[in-house]
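In what follows, a single structure is set out as structure tokens and then discussed.
The values are calculated or read from the model by the stated rules, or taken from the named source; none is laboratory data. Bear in mind that the values here come from a model prediction, so they are computed numbers and not experimental data. With ideal geometry, Cβ positions are generated from the backbone for all residues, glycine too; neighbour counts draw on all protein chains shown.
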Amino acid sequence: MFKMEYLQPSEAWQPDADTISSFAGPYRACRIHGPARWVRLVTIGGQAPEGQRFRPNRLDGGFWFAESDFLHLKNHAEADLRTQGGGGQLGDRLGMYLRHQFRDLLAVRRDWTPSFDGYVVLSVPAKASVIALVGRVKGQPVYSPTFPGEASARLAGITLAGGLMQYVINFEFTANRNCRSFIGTSLPF
């Protein structure tokens, strides 16, 4: 894991209401010292099965999770899929499995990001650090309240569990500006 130093809230930025509501409970402002690695899921954009059009995600967006969580779930999924056998290429099935699991664990509503095409890695080297807001992801409905189909999903009890530890990083914050250069290129699942 990585070394975290707890900060006073005044030593970080003031998050907006949507960011605060993304946490399941209390969160902490932390300085995280490298070496440290995080993952962010991204999409190239386009049209979703539900019909809405969406733009590509920013590589330097605010919501990240530990690469160790990504690798743990990926390794578990590969082992599970190998024991199941079945048709199709392992890579295709693995990508679908990971998309489903991460949508649930990160509570990413379908109308926000209908699909994930890949991921990027933020790799903070030794002797560098990043300031992040750290806490568990709060569960939520699968669709926003005004999205068509929300009422049906709610009545059916379809929700997103959340629960994964998230690291919210503001790359506009003065202490984090140079950290953009630590973000790699987009990788497929």
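Restricting the first member to the range 1-13 and to residues that are assigned to a strand (DSSP E or B), and the second to residues that are not polar (S, T, N, Q), the beta-carbon pairs closer than 6 Å and six or more apart or on different chains are 3/33; 4/30; 4/32; 5/31; 6/28; 6/30. Filtered by the rule that a residue be closer than 19 Å to residue 167 by Cβ and touching a residue at least 40 places away in the same chain (Cβ under 8 Å), the range 99-111 gives 102, 103, 104, 105, 106, 107, 108. Restricting the range 28-71 to residues that are under 18 Å from residue 181 (Cα atoms) and β-branched (Val, Ile, Thr) leaves a set whose member that is modelled with the lowest pLDDT is 42.
Would you call residue 177 closer than 22 Å to residue 28 by Cβ and surrounded by fewer than 18 Cβ atoms within 10 Å (Cβ to Cβ)? Yes: the conditions hold for residue 177. Quick check, is residue 143 part of a strand (DSSP E or B) and either at pLDDT below 85 or of a type in the set (Phe, Trp, Tyr) (or both)? So residue 143 fails the test.
Out of the residues in the range 14-49 that are crowded, with 18+ Cβ neighbours inside 10 Å and over 30 Å from residue 148 (Cβ atoms), which is nearest to the chain's Cα centre (by Cα)? Going through the qualifying residues, I end up with 39.
For the range 117-124, the criterion of being within 16 Å of the chain's Cα centre (by Cα), modelled with pLDDT under 95, charged (D, E, K, R) and assigned to a helix (DSSP H, G or I) is met by none of the residues.
The lone criterion from (1) assigned to a loop (DSSP other than H, G, I, E, B); (2) in contact with a Phe, Trp or Tyr (Cβ under 7 Å, 6 or more places away or on another chain) left unmet by residue 148 is number (2).
Within the range 132-186, being under 20 Å from residue 34 (Cβ atoms) and aliphatic (A, V, I, L, M) holds for 132, 133, 134, 165, 168, 169, 175, 183.
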